[in-house]
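Reviewing the structure listed below.
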Amino acid sequence: MTEIISVEEEINRLEEIYVDIPENKKKLIDGLIEQAARLRVSLTLLWKDICEKGDVELFTQSDKTAPYERERPAARLFNARDKNYQSIIKQLNELLPEGQATDEGEALMNFVAGGKG
């Protein structure tokens, strides 16, 4: 399982990966990097919860009705945040100079596309 790191540690990691973004575009990336860092930390916490408790839960709205399986709110949040994270990483990769996809950038895209890390 992926180690839980702080937002600051993730910001530093991403800044190292995207150091080659041209100066005229660097002002655009601060917010993207900060949001990506928050999302990655949140995704790691949610993934830990999903691994421990699963994607679905038994749910009922009343003692008089039989419980049924439904997607857990943590699983829904994970899916929504993962989509946002992937979008931000894609934007950051597109800001790199043409033809200069970093190994780390490609590894990040592989991680978000396949859920491995």
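The values are calculated or read from the model by the stated rules, or taken from the named source; none is laboratory data. Everything numeric in this text was worked out from a predicted model, so none of it was measured. Positions of Cβ are backbone-derived with ideal geometry, glycine not excepted, and every protein chain shown enters the neighbour counts. Ligands, DNA and RNA are excluded from the accessible area calculation, which covers all protein heavy atoms including side chains. Shrake-Rupley method; radii C 1.70, N 1.55, O 1.52, S 1.80 Å.
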**Request:** Just order 30-40, 53-63 by mean Cβ neighbour count inside 10 Å, highest at the front, would you?
**Result:** 30-40, 53-63
**Prompt:** In square angstrom, what is the accessible area per residue of the range 1-51 with a 1.4 angstrom probe?
**Reply:** 60 Å²
**Message:** For LYS90, give me every one of the lysines with a C-alpha distance below 16 angstrom, ignoring sequence neighbours fewer than eight places off in its own chain.
**Reply:** LYS25, LYS26
**Request:** Starting with the highest mean, order 17-23, 66-72 by the number of other Cβ atoms within 10 Å, averaged over the residues of each peptide.
**Result:** 17-23, 66-72
**Reach of LYS48 by Cα under 16 Å, taken over lysines that are not fewer than 8 positions away in the same chain** = LYS116
